[in-house]
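Everything on this sheet refers to the single structure shown next.
The values are calculated or read from the model by the stated rules, or taken from the named source; none is laboratory data. Model, not experiment: these values are computed from the prediction. Here the Cβ is made from the backbone with ideal geometry for all residues, glycine too, and neighbour counts use every protein chain on show. What goes into the accessible areas is simple: the full protein's heavy atoms, side chains included, and nothing from ligands, DNA or RNA. Shrake-Rupley method; radii C 1.70, N 1.55, O 1.52, S 1.80 Å.
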Amino acid sequence: MNINQKISSLRSVMLRHDVHAVIIPTSDPHQSEYPASHWQERFWISGFTGSAGTVIITQNHAGCWVDSRYFTQATQELEGTEMVMHKQFNQFEPVYIDYLVENLPAGSTCAINGRMFSCGTVKTIKQRLAHANINLAHDSNLIDEIWTDRPPLSKSPVFIHETKFAGVESAIKINTIKEKMAALGVQYHLLTALDDIAWTFNLRGNDVQYNPVFIANALITMDKVYLCIDGDKVNTNVASFLAQNKVEICAYDDITALLQSIEKKHSILIDPSICNQVLYEAVSAQIVEGSSIPKMLKGFKNETEIANAHSVMARDGAAIANAIHWLEIELASGRTCTEYELAAKLAQSRSDMDNYVGESFGAIIGYEENGAIIHYHPHPDNSKTIKASGILLVDNGGQFLDGTTDITRTFALNTPSAQQCLHYTLILKGMVNLSMAVFPTKTPGSQLDTIARQFLWREGLNYLHGTGHGVGSFLNVHEPPQGFAPISSERGRTPFEPGMITSNEPGHYIEGQYGMRIENLMVSRPWKKEGYMCFETLTVYPFDHSLINLDLLDQREIDWINLYHWDAYEKISPHLTGDVLAWFEKKCAPIKLDLM
């Protein structure tokens, strides 16, 4: 079936069930950013490939709500279908509910699959629809009636994430979780987020694209620990490892029975932003709502993880240098290269480095106007040809056993215009000044976000995405809870504490012309004065000299950039040889020789 046929088939099912609207999210039963293909219902019904978005189907309208990262992409991908793109300017606010309130008559029924929504989101939707006298049926699965060839769940085996990479043994992590539970006065803790589970048990998997996680649930009690997972995915080595840590293996679906078996007198900690509605309703014990303990703990990287991050960033920078050097040689020789070919070259260059596992997300290679599509991902059959002119945005990253990388650089492939230099330098100033920030411990990301935007704002310019997100250690490239965001989201509210790895990525985009973004990863560290913090930059790779307007930089910014370029050369050059090494030395030259 094509998209319109799928929509029509769903409407027929809706009529049979007396349902007037269906909400279809991007998520899975674990609220993952990248759902396994088995659960990619929003993509299947709409054809929109972005990593975030919500679809609503009624009898007379089919809409896909996306935030500013996907405005252009959604417009292109939904073209030729009945699906209409709706702009969502606040990516953390479910504004699609407003559409239902405004367009459904009183007494209507809206259906959702409760496994795909967190209980917190279901509560919000139900409350807002109730004010308009609209009923929410949260136990429906109408898509299942028409998606007859749904892919099966992965049988890929899980594997042990060694302590030399994790830094802390699983038994210690579990004991720390139990200590936190005791402090909260709860006897049980439900874990449903896949990265929380992978971190807790020092295990990794290959069940979803880009994030090295596996499909499972877990229940931690004061005297027992249960891992609910498809037993076919656990070999004897992993089974022995879990047994040593006193972890009992159960079937994936056993989590429901475990929750139902807890006596009502006991209490269980559940994160309402992660736990899906169906599991939430299966709990018979007293529910204490609060943040997942592993979600908070894994945000504070230990010294082993931070040291590994420094090491992996050097290898990652060398891989980028090899790929960009290859691109420049191709263009200088009169040849061309597609965006897709450059993405493949970057992945191949990383694969030559130690401990490489795979990409941390689909590479964003945006040439000229495609760079303004914030989460653009080139495809082999329609990607743009890169030539020796224009602006090229390259946002990419890798998963290594010793860390996760995410870096963005913008390149001018010939002499840039004054406007392009202005925009790039304003972005660079914001990125550099956030890198140099000193701030009181526990300062939230919403306060720090402004530091990166201030120079663009002075010129009446802005970008509509957040300035940064948390990053895992050989885990999710977008890791909660912290980040830099201008609104009251979890990222914006979470206070910064030592050991948090966060991206720093201001940008600016002109639709139809070009996009620019510069991104480094940083780790928060104690500053020299007690009670204050600073950032230590992890990512190493030089900036494009040709795009920098030196007249817009002050002395402190120039000094920081020159020191950064020196550091990049010192760390990356041991991994380079021959022509690439000589080429890279020039890329790392100071931007003002008299300052060095």
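Remarks
- Gyration tensor verdict on the range 313-441 (Cα atoms; rounded if a/c is under 1.5, prolate if a/b is larger than b/c, oblate otherwise): oblate
- Theoretical FRET efficiency, 1/(1+(r/R0)^6), r = Cβ-Cβ of residue 99 and residue 168, R0 56 Å, to 0.05: 0.75
- Cα-Cα over 19 Å, subset of 123/298; 387/429; 178/295: 123/298; 387/429
- Taking the Kirkwood radius as Rh and the Cα radius of gyration as Rg, the chain has a ratio of Rg/Rh equal to 0.97.
- 12 Å beta-carbon shell around residue 29, net charge (K/R +1, D/E -1): -2
- Cα centroid separation - the range 311-390 against the range 27-48, whole Å: 26 Å
- Taking the Cα centre of the range 1-130 as origin and assigning +1 to Lys and Arg Cβ atoms and -1 to Asp and Glu Cβ atoms, the resulting dipole is close to 300 debye.
- Sequence-separation-based contact order of the chain, relative, with Cα cut under 8 Å and 6+ spacing, percent: 11 percent
- Equivalent ellipsoid, the range 45-89 (semi-axes from 5 times Cα gyration tensor eigenvalues, Å): 16, 11, 9
- Charge-dipole axis of the chain as Lys and Arg at +1 and Asp and Glu at -1 on Cβ define it, positive-most pick from 300, 389, 19: 300
- Chymotrypsin sites (Phe, Trp or Tyr not before Pro) restricted to DSSP loop in the range 392-432 with at most 14 other C-beta within 10 Å: none
- The range 36-189, relative contact order [Cα under 8 Å, separation at least 6], %: 17 percent
- Along the axis of the charge dipole computed for the chain (Cβ charges of +1 for Lys and Arg, -1 for Asp and Glu, origin at the Cα centre), the listed residues 174, 143, 465 are led at the positive end by 174.
- Both radii were evaluated on the Cα set of the range 73-206; the Rg over Rh quotient, with Rh as the Kirkwood radius, amounts to 1.08.
- Note that the range 217-339, at 37 °C in a medium of 0.692 mPa s, gets a Stokes-Einstein diffusion coefficient of 174 µm²/s from its Kirkwood radius over C-alpha pairs.
- Residue-by-residue Karplus 3J(HN,Hα) for the range 517-529, coefficients 6.51, -1.76, 1.60, Hz, glycine and proline x: 7, 10, 9, 10, 9, 10, 10, 6, 9, x, 8, 5, 9
- Theoretical ellipticity at 222 nm over the chain - DSSP helices of four or more residues, -39500 (n - 2.57) apiece, nearest 500: -10500 deg cm²/dmol
- Inter-centroid distance (Cα atoms) of the range 237-310 relative to the range 134-197, Å: 6 Å
- Looking at the range 510-559, the accessible area is 44 square angstrom per residue; that uses a 1.4 Å probe and ignores ligands, DNA and RNA.
- Using the Cβ-Cβ distance between residue 182 and residue 126 with R0 = 45 Å, the FRET efficiency computed as 1/(1 + (r/R0)^6) comes to roughly 0.85.
- Using the Cβ of residue 459 as centre and a radius below 15 Å, the other residues enclosed give a net charge of +2, where K and R count +1 and D and E count -1.
- Shape of the range 113-157, Cα gyration tensor, a/c cut at 1.5: oblate
- Taken about its Cα centre, the chain carries a charge dipole of about 860 debye when Lys and Arg each add +1 at the Cβ and Asp and Glu each add -1 at the Cβ.
- Most positive-pole-ward Cα, 244, 62, 507, against dipole of the chain from beta carbon charges: 244
- Separation of the residue 133 and residue 209 label points, Cα + 7 Å toward Cβ, nm: 4.5 nm
- Inter-site label distance for residue 454 and residue 441 at 7 Å from Cα along Cβ, in nm: 2.5 nm
- For the range 439-596, size of Cβ-based charge dipole, Lys and Arg +1, Asp and Glu -1, in debye: 380 debye
- The value of relative contact order for the range 488-587, using C-alpha pairs under 8 Å at least six residues apart, is 18 percent.
- When the square roots of the Cα gyration tensor eigenvalues are ordered a ≥ b ≥ c, the ratio a/c for the range 481-567 is 1.5 or more and a/b does not exceed b/c, which makes its shape oblate.
- Taking a straight Cα-Cα cut-off under 17 Å and skipping sequence neighbours fewer than 8 places away in the same chain, the aspartates and glutamates within cross-link reach of residue 126 are 93, 98, 102, 139, 281.
- Here the Kirkwood formula puts the hydrodynamic radius of the range 450-510 at 12.4 Å, using every distinct Cα pair.
- Net charge contributed by nearby residues that have their C-beta within less than 13 Å of residue 65 (K/R +1, D/E -1): 0
- For the chain, the carbon plus sulfur part of the accessible surface works out to 50%, probe radius 1.4 Å.
- Packing, as the average of other Cβ atoms within 10 Å across residues, places the peptides 305-312, 486-493, 574-581 in the order 305-312, 486-493, 574-581, highest first.
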